[in-house]
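To keep things clear, I will list the structure first and then write my remarks on it.
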Amino acid sequence: MDFPLQDLMDENACYAKLVQLLHPQGLSCPRCRATTGLHIHRRHRDPVLDYRCRGCGRVFNAFTGTVLGKTPKSPSQVMLILRGIAQGTSTARLARELGLERTALLDFRHRLQELAEQALDQTPLSDAEPESDEMYQNAGKKRSFALGS
């Protein structure tokens, strides 16, 4: 996931990126799935807006019904967490850097990883014999030349 570091300091840019990731077809009401007739209801957590659906009256935001639902984290914190996980940063280090509780962050990380695992393509490979990457085919063979033997 490419997202420039400078944009991670901009709450609005982080929020827009999260909305794009969570709702690739656009924001819709979680109850009736309406995409029109959504009006801003509250701005108490700007830039995370609460919407009210004119069709069914449901109040929701972009995080409702997702792994981010009811999170108190700011959009920039969420993006920094996602960036840290993608980079392989330890949970303890992320918690220290962001001033979060390690156990709560670990639970959040596990939920994200479970969702990522569920989204993996489970289709078996079409080849009877899959090929391995050249990096692994030659593992160790070139090392003897580097040592001068």
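The values are calculated or read from the model by the stated rules, or taken from the named source; none is laboratory data. Since this is a predicted model, take the numbers as computed values, not measurements. Quick reminder, even Gly has a Cβ in these numbers, built from the backbone with ideal geometry, and neighbours come from all protein chains shown. Protein only, heavy atoms only, side chains kept; ligands, DNA and RNA dropped before computing areas. Shrake-Rupley method; radii C 1.70, N 1.55, O 1.52, S 1.80 Å.
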Per-region count, the stretch 26-46, residues part of a loop (DSSP other than H, G, I, E, B) and open to solvent by 40 Å² or more (accessible area, probe 1.4 Å):
6
Let me spell it out: the conditions are (1) of a type in the set (S, T, N, Q); (2) touching a helix residue (DSSP H, G or I) at 6+ places or on another chain (Cβ under 8 Å); (3) over 20 Å from Leu115 (Cβ atoms), and Thr35 meets all of them except one. Which number is the exception?
(2)
When you look at Leu80, is it in contact with a Gly (Cβ under 6 Å, 6 or more places away or on another chain), more than 27 Å from Cys32 (Cα to Cα) and of a type in the set (A, V, I, L, M), yes or no?
no
Number of the condition not met by Met9 [criteria: (1) farther than 21 Å from Leu105 by Cα; (2) loosely packed, with under 14 Cβ neighbours inside 10 Å]:
(1)
Go through (1) surrounded by 18 or more Cβ atoms within 10 Å (Cβ to Cβ); (2) farther than 25 Å from Leu115 by Cα one by one and return the number of the condition Val19 breaks.
(2)
Reported set for the stretch 76-105 where residues are in contact (Cβ under 8 Å) with a residue 12 or more places away in the chain and outside any helix (DSSP H, G or I) is Leu100
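Open to solvent by 30 Å² or more (accessible area, probe 1.4 Å) and aliphatic (A, V, I, L, M), is that true of Leu49?
no
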The correct count of residues that are open to solvent by 20 Å² or more (accessible area, probe 1.4 Å) and touching a Ser or Thr at 6+ places or on another chain (Cβ under 9 Å) in the stretch 52-76 is 4
